[in-house]
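Since every read-out is calculated from the coordinates, none of them should be taken as a lab result. Computed from a prediction, not measured in an experiment: that's the story for all the values here. With ideal geometry, Cβ positions are generated from the backbone for all residues, glycine too; neighbour counts draw on all protein chains shown.
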Amino acid sequence: MHLKYESTLREPLVDGVKDYHQVTEDIIAPIEAKPGKLWYVGFAISIVLLLFGVFSVTWEVYYGTGVWNLNKTIGWGWDITNFVWWVGIGHAGTLISAILMLFRQGWRTGVNRAAEAMTIFAVMCAGQFPIFHMGRVWMAFFVLPYPNTRGPLWVNFNSPLLWDVFAISTYFTVSLLFWYSGLIPDFATVRDRAKTKLRKLLYGVASFGWTGSTKHWQRHEALSLVLAGLSTPLVLSVHTIVSFDFATSVIPGWHTTIFPPYFVAGAIFSGFAMVQTLLIICRKIMGLEDYITMGHIEAMNKVIVLTGSIVGVAYLTELFMAWYGGNPYEFDTFYKFRAAGPLGWSYWIMMSCNVISPQVFWFRKMRRNIAVTFVMSIIVNIGMWFERFVIICTSLYRDYLPSSWSYYRPSWPELGFYIGTFGLFFTCFFLFSKYFPVIAVAEIKSILKVSGESYKNKMVALEESSIEKFEHDAHHH
Amino acid sequence: MEQKKYWKGLEELHNTASHQEAVANEFRDELPFEESESLLNATTPRRDFLKYLGFTTAAATIAASCEIPVKKAIPYVNKPEDITPGVPNLYASTYVQDGEFVPVVVKTREGRPIKIEGNDLSTVTGGSTTARVQGSVLGLYDVARLRFPAINSKPGNKDGLQEQGFAEIDKAILAALAGKTAVLLTSTITSPSTKKVIGEFLAKYPGSRHVTYDTVSYAGMILANEASYGKRALPSYHFENAKVVVNFGADFLGTWLNPAEFTKQFGETRKINQAKPEMSKHFAFESTMSLTGANADERYTHRPSELGAVVLNLYAALGGAVSAPAISDARLKEGIAKAAKAIKENQGKTLVVAGSNDVNIQIIVNAINNLAGANGTTIDWNTTANYRQGIDSDMVKLVEDMNAGTVGALLVYGANPVYDYFDAAKFKAGLAKVATTISFNDRYDETTELVKYIVPAHHYLESWGDVEAKSGYYSFIQPTIAPLFKTRAFEQSLLTWTSNPTVWEDYLKSAWIAKLGSQEAWDKALQDGVIEPATAPALGGATFSGNVADAAAKIPTKKGGELELVLYEKVAIGNGKEANNPWLQEMPDPITRSTWDNYALISNTLAKKLNSRVLGDDYEIHAEKKVLKIKANGKEVELPLLILPGIHKEVIAIAVGYGRGKKENIGKAAGEVGQNAYPFVSFNGTTFDYFSTSATAEDAGKMYPIGLTQTHNSYEGRPIVKETTLEEFIKNPKEVNADREALEHYGKDFRRDATLYRDQHTNLGIKWGMSIDLNTCFGCGACTIACQAENNVSVVGKEQVVLAHEMHWLRIDRYFSGDENNPEVVFQPMLCQHCDNAPCENVCPVAATNHSSEGINQMAYNRCIGTRYCANNCPYKVRRFNWRDWNGADSFEGNLHDTGDMNDDLTRMVLNPDVVVRARGTMEKCSFCVQRLQDAKLAAKKAGHPMKDGAAKTACQQACSADAIVFGNVNDKDSAIYKLRNELQTDRLYYVLEETHVLPSINYLAKIRNKDAAPKAEAHGHGAEAHKEAAHH
């Protein structure tokens, strides 16, 4: 038993006896080898889905938004549901990279690269929806406050949709920079190992002439810290602003002050679930069990149960306020048309997926069970999709004037658009897993100094020395 | 000759050195775009290269990508005297259709009629219109109209028409008519001059006769009047004089005789004077729910077979000496007693009308009116009405004669018996035996398909004519456009075939000049559109001499079968002659809110029996309804069911006017839409019956979608609709708005104070506002169509209505409340409320919707990118999105979504040039007819005085027969809207969803029902409560 340098409570962040070279080998080698059969199959499927999405969107742009089943009462349906869902998924990446970095959470290093990539791709997918839900998408540039020749014609700064434009684009830019700056040392590693000219050239360009000098590292660290500082408020702001789309409106079920924290918690919830889904597959296929350990999975499951419960409290608070607030329209929306009514089923799917089922993670055994975690991650994402559907559609379909009440089912181009964004996401993710180091090599190496078997091995001598000597050494160093 | 020197400036005169230099180097700077040594050797050719590259790329892109179709607009070489581009010309004319008549003013722009308004100078209709009148302008541009006289070589196939010149066809027809006895078959003709022409024509062909055939017949009334008063005519009705109206299935606000006139009259009696509240009381007894029944204070249902008993019971209750059959339904019995009591108390202030076409029932109704003292007070026999003249037995006899081969020639004008005669097969067989058949109809309709010669007549907007709809009351028809096609006035054809060389226009004119005395008088008459007695003649009664006992004995007492069937006319489609009108097809039916179809209306109870989905969420969210096979009178049709609260439990109701022929013949809008219900009509020996006492309905095992624009029927007790009874309103006028009083708790100025942006919208000059009186809105839909015509609102077609993509800027919400079998109905016109704190405005990312300084919430269509956020955030859901390319206003090829030929070059002539058509992907909504407001302001500015109240009218306001809509400048203390809001109607005034603090510019006036308080108390009982719950869905 090693008591001085190994905590019984904290498990190692990297399993197995790894030295720096081994780490590089483990993570960079897949980039240099030909991908496996599964990769090709998966990539082909993704491309097909993407193309179907492109077809569906083209159809919609050509024939008009009317090919979707939205109507005079329900102006937003799957489009904005999917938008909020993807944006929410995009939250975990930045949370892991920025906030956990500021809090010096060492465990993040195993998952941050993939999580950040996921963020970037998810935000890319999310962005498609507000663009293509526009009736005249070719006029989309009107939302940008650019100097124009139309007289003093400016965008409407009162509109939450405009805030969205800024929030999402800022978030995307900062996330991309953060991700890319982390990639630079790793690209340099690939470049240095490269055996083909082309690879050397491309990774050489991508690594921006990184030499690994102390000055480079110092600047790299500084930049990471600055970007982390910038991203941290963004984690909170993006979904807060997305929630403003609803919270600032007058529609019962939307007009709620609880939305900002509720949306942020929900976003982290779904983001972590998506990270789980992807990493459980990745670590299995790419053999990265040593780097993405059970400890990681458990840590993320803890976040899931926490945020899931926050979301649950939010749901109950909404119900309470609908009753306590004394607004008959809001009462009806929640109790008659959400919890019951023709779309009531979606509310109960949301409740059971988001609030009830994550409670299994109160048990350590469940948190550390790969199969349970994987299934739960899918359930949570289904639940969070329904949360957005419930918020958007069950508020709109029966609002103030009963004469306009309506119903909504998606049409094939709406389904196609959603499927297409899966295609986009996985196409990007497959390319990422093939050409990019899926784990931050440099950052993993940094924790090898303080965690893992090889670190422990170095400590054997110290452990075996007497306590007096240890104390003496410790005081005189 | 001395050379004169002209100079442009002093420097030229003095020829200064600098001037000489300037002249020498007129084009001083060499343009660098020349291939020269200097260019090639220039030190900076890169810049020029980039210029070239940039220019050519841009030019090529523009040339390649922006292919703009060339549309030729040819300006006038010489401006016509009376046409100023941009300035409308107005012409008085008269809408006439099957005897229904409405004097109108036609607005033309650059020679095209684009809008119809009522003619205020008529004392009969007083400027009112109906949806069909409003829609008739579109009928002018109907692409399915026949375009030339022709010989019909392949019956039923429009391609077989052989175009003829008028001279040729006249020659052929004259030859074919020679020596034959002709029958002229028309719908009711109200024109004295046309009748004279007909008389001359008939005289030319001895033995000939004129048969008047009304698709929906009123012969029962005409014959009953003959039997009762010795007058084969219809009287003038005066609903405005009636304190009590008892109505037996006469849809006088929707389809009965002349609804525009009656709506105006009845509306007068429903206006509430707050200082002294009183209104008429309206009892309705009917089998299905008509628009009129929906507006009744007390409404009772009965089977069609029970009508005789109901009428007799009322007669007996009034003291008539007749033994009336017992009535088992307690509610109905009570209703009769109540009606009798009301009539007795209002002797001489009562009007009883019945929609029945049964002579004997109408005789009893006459007897009731006689007892009630209606003759001479609410029924005027001094001025009779010519609205309908058809006698059913004449038509039956004609068909028999045709089959017997005794008719030599048949000339059909405005009648379409192959479609709407009850025994169409027999008519067809007879038609085949007639040697010479001629049709004047406007399209290749079911009858015209089978005739030999086709000489299409003009549309009324292209015609000359006169109308004597009531004796002594004349109105005129004058052309508002040159005939679009090679058509000819019906009268002109007759004149030609009578060998009278007179031109119809001159014939008409000379007759009138002779009558009026001078050309000036004729011009004045045309300008005014009407000639009426200088002082309205006194109302006159008539002595009732009908044989009540005989009539009572003849009323069939046969008990009906398990189910009974009634046929009715829809407000928008009527008898089906004007059915090929996409506006009217898409107009939501006032009662069912359905479009584009007919269906079998049944009660919820019957739906349950037939294992259909019943009223509730499931029924609401599925547009597909069960198809029923309905059999009656040996005929059967398959129609989808539609549940109608308020229809009698054992009655099926089907609208006529649907199931027209092939699309290519009738037109894309009406052709092959719905099923023809006319075969269910039967002939009882004297008149046609529009019901069947024995019908069956069974499941046809199919589903069929119906395009409903409103699926939920209840207003869920929400304070969006406010109503009370007259009695309670008199007792406590403030009660109806008690919840508004509670708002005062937030301070006197809560409307202004409850916002962060207090002075955001203070309107110093004009502030537009509208008031809608729920008490005088009968839900007829004239405003909806007026709005559609005025604002170029697109038609979307049935499939898109099913998807709830319809575009109407103004809709009329219809809510039921109370018991599912005897519901109360309320109509609420809903349009953009022009909120001063508009939730749509602040959410638009590009500021495409914003507030005008006059309080209008306005749309900049060009700026709209179509996020639909504004529509989501509109609490009234009045914003309409262009889901598809309805009108070819986007630049994608082949994505036009057109139903009903709305985008034909011809049809597009109806578009109002003052209003832009909206591109696909943009949002639109009511603009308060901003183009009219601008016009009125400019007119006032040019005239140099402040705009007068009433100078600016919205289209809906102008179309409303009952003046339910008041509009104006609320900052003008003399305006009607200001007075209404601040003095006249303070008690009933409320704003819909006022509590959301959107500050709407439209107020509503609470509805008042003149019903007994007693049933209301009952409604609080347990049983009624349960019914209420059921009817909520």
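For peptide A:407-418, how many partner chain Cβ atoms fall within 10 Å of a residue's Cβ, on average? Walk me through the intermediate numbers first.
Working: counts 7, 2, 1, 0, 1, 0, 0, 0, 0, 0, 0, 0.
For this peptide, the per-residue mean of nearby foreign Cβ atoms is 1.
Just to be sure I understand the rule: take each whole DSSP H helix in chain A, project its Cα atoms onto its long axis, keep it if the span is 15 Å or more and its mean Kyte-Doolittle hydropathy is at least 1.6. Which ones pass? Provide the component values of the computation, followed by the final result.
Working: long enough: A:20-32 (18 Å, -0.10); A:37-63 (39 Å, 1.45); A:78-89 (16 Å, 0.78); A:112-132 (30 Å, 0.91); A:160-193 (48 Å, 0.69); A:214-247 (49 Å, 0.54); A:259-285 (38 Å, 1.34); A:294-324 (44 Å, 1.00); A:370-396 (39 Å, 1.79); A:412-435 (34 Å, 0.92); A:453-464 (16 Å, -1.02).
Taking the DSSP H segments of chain A (at least 15 Å long, mean hydropathy at least 1.6), we get A:370-396.
If packing is taken as the average count of other Cβ atoms within 10 Å, what order do B:785-792, B:375-382 fall into, highest mean first?
Working: B:785-792: 26.2, B:375-382: 21.5.
With the highest mean Cβ count within 10 Å placed first, the list reads B:785-792, B:375-382.
For B:VAL105, list long-range residues whose amide hydrogen, built 1.01 Å from N in the peptide plane, is under 5 Å from its own amide hydrogen.
Close amide H contacts, sequence-distant or interchain: B:SER93, B:GLU117, B:GLY118, B:ASN119.
Can you figure out the FRET efficiency of B:ARG209 with B:GLU664, using R₀ = 56 Å and their beta-carbon distance, to the nearest 0.05?
Working: r = 34 Å, r/R0 = 0.61.
E between B:ARG209 and B:GLU664, to the nearest 0.05, is 0.95.
Rounded to the nearest 20 Debye, what is the dipole magnitude of the stretch B:229-385 about its Cα centre when Lys and Arg each give +1 and Asp and Glu each give -1 at the C-beta?
On the way: 16 positive and 14 negative charges, 55 e Å.
Computed about the Cα centre, the dipole is about 260 debye.
What average number of partner chain Cβ atoms lie no more than 10 Å from the Cβ of the residues making up A:128-137? Write down the numbers at each step before the final one.
Working: counts 0, 0, 2, 0, 0, 4, 7, 14, 11, 3.
Neighbouring Cβ atoms belonging to other protein chains average 4 per residue here.
Describe numerically, in nm with one decimal, the distance between label points set 7 Å from Cα along Cα→Cβ at B:ARG718 and at A:PHE363.
4.6 nm
Taking neighbour counts of Cβ atoms within 10 Å as a proxy for exposure, in what order, fewest first, do B:THR922, B:THR557 appear?
On the way: B:THR922 23, B:THR557 13.
The order, fewest Cβ neighbours first, is B:THR557, B:THR922.
Among B:ALA260, B:ALA284, B:PRO235, whose Cα lies farthest out toward the positive end of the dipole of the stretch B:201-291, if unit charges sit on the beta carbon of Lys, Arg (+1) and Asp, Glu (-1)?
Selected residue: B:PRO235.
What shape does the stretch B:229-385 have by the C-alpha gyration tensor, where a ≥ b ≥ c are the square roots of the eigenvalues, rounded means a/c under 1.5, and otherwise prolate means a/b greater than b/c and oblate the rest? Show your work: numbers first, answer last.
Working: a/c = 1.40, a/b = 1.19, b/c = 1.18.
In terms of gyration-tensor shape, rounded.
Taking 45 Å as R0, compute the FRET efficiency from the Cβ-Cβ separation of B:ALA178 and B:ASP905 and round it to 0.05. Mind showing how you got there, number by number?
Numbers: r = 42 Å, r/R0 = 0.93.
In this case the efficiency is close to 0.60.
If I model a spin label at B:LYS558 and A:VAL313 as a point 7 Å from the Cα along the Cα→Cβ vector, what separation in nanometres do I get?
Between B:LYS558 and A:VAL313, the simple spin-label model gives 7.7 nm.
Using only DSSP helix segments of four residues or longer, with each worth -39500 (n - 2.57), what per-residue ellipticity at 222 nm results for chain B after dividing by its residue count and rounding to 500?
On the way: 36 runs with 301 residues, N = 1033.
Taken over chain B, the calculation gives -8000 deg cm²/dmol.
Treating only the Cβ of Lys, Arg, Asp and Glu as charged (+1, +1, -1, -1), what charge dipole size does the stretch B:951-1013 show about its Cα centre? Round to the nearest 20 debye.
On the way: 8 positive and 8 negative charges, 34 e Å.
So the magnitude is around 160 debye.
Principal axis lengths of the stretch B:946-1019 from Cα atoms, whole Å, largest first?
Per principal axis, max minus min of the Cα coordinates gives 54, 32, 23 Å.
Need the full-extension length gain, B:ARG47 to B:ASP528, defined as separation in residues times 0.36 nm minus the C-alpha distance. One decimal, nm. Display every interim value, and only then the final one.
On the way: separation 481, 0.36 × 481 = 173.16 nm, distance 7.33 nm.
Length gained, B:ARG47 through B:ASP528: 165.8 nm.
What number comes out for the charge environment of A:SER56, summing +1 per Lys or Arg and -1 per Asp or Glu over other residues with Cβ under 13 Å away?
Values: positive: none; negative: A:GLU60, A:ASP79, A:GLU414.
Counting the neighbours of A:SER56, the net charge comes to -3.
Going by average Cβ neighbours within 10 Å, how do the peptides B:306-316, B:349-359, B:426-436 rank, with the highest at the top? Before the final figure, lay out each step's value.
Working: B:306-316: 24.7, B:349-359: 26.5, B:426-436: 17.7.
Final packing ranking: B:349-359, B:306-316, B:426-436.
Between A:GLN218 and A:LYS469, take the C-beta separation as r, use R0 = 51 Å, and let me know the FRET efficiency to the nearest 0.05.
Details: r = 35 Å, r/R0 = 0.70.
Calculated value: 0.90.
Take peptide A:240-248, look around each residue's Cβ out to 10 angstrom, count Cβ atoms belonging to other protein chains, and average those counts.
Working: counts 0, 0, 0, 0, 0, 4, 2, 0, 4.
Average per residue, whole number: 1.
Treating only the Cβ of Lys, Arg, Asp and Glu as charged (+1, +1, -1, -1), what charge dipole size does the stretch B:583-703 show about its Cα centre? Round to the nearest 20 debye. Don't skip to the answer; put the middle values down first.
Details: 15 positive and 15 negative charges, 38 e Å.
Its charge dipole is roughly 180 debye.
Looking at this model, which pairs from B:LYS281/B:LYS731; B:LYS281/B:LYS734; B:LYS767/B:LYS979; B:LYS397/B:LYS631; B:LYS524/B:LYS948; B:LYS196/B:LYS470 are more than 20 angstrom apart at the alpha-carbon? Present the calculation step by step, with values, prior to reporting the outcome.
Working: B:LYS281/B:LYS731 18 Å; B:LYS281/B:LYS734 22 Å; B:LYS767/B:LYS979 14 Å; B:LYS397/B:LYS631 27 Å; B:LYS524/B:LYS948 26 Å; B:LYS196/B:LYS470 17 Å.
Checking Cα-Cα distances, B:LYS281/B:LYS734; B:LYS397/B:LYS631; B:LYS524/B:LYS948 exceed 20 Å.
Pull up all non-local amide H partners of B:SER439: gap of 5 or more, or a different chain, and H-to-H distance under 5 Å with H placed in the peptide plane.
B:VAL412, B:TYR453, B:ILE454, B:VAL455
Measuring from label point to label point, each 7 Å out along Cα→Cβ, what is the B:VAL916 to B:GLU21 span in nm?
5.2 nm
Taking the Cβ of B:PRO582 as the centre, find all other residues whose Cβ is under 13 Å away and add up their charges (Lys, Arg: +1; Asp, Glu: -1). Before the final figure, lay out the partial values.
Numbers: positive: B:LYS663, B:LYS668, B:LYS798, B:ARG908; negative: B:ASP142, B:GLU578, B:GLU586, B:GLU806, B:ASP898, B:ASP901, B:ASP904.
Charge balance in the 13 Å sphere: -3.
Have a look at B:ASN360, B:PRO206, B:ASN598 and report the one farthest towards the positive end of the charge dipole of chain B, computed about the Cα centre with Cβ charges (Lys/Arg +1, Asp/Glu -1).
B:ASN360
Classify the stretch B:560-708: rounded, prolate or oblate, from the alpha-carbon gyration tensor (a ≥ b ≥ c, eigenvalue square roots; a/c under 1.5 rounded; otherwise prolate if a/b is larger than b/c)?
On the way: a/c = 1.70, a/b = 1.07, b/c = 1.58.
It comes out oblate by the Cα gyration axes.
Would you kindly compute the Cα radius of gyration of the protein assembly as shown and its largest Cα-Cα separation (Dmax), both in Å?
39.8, 143
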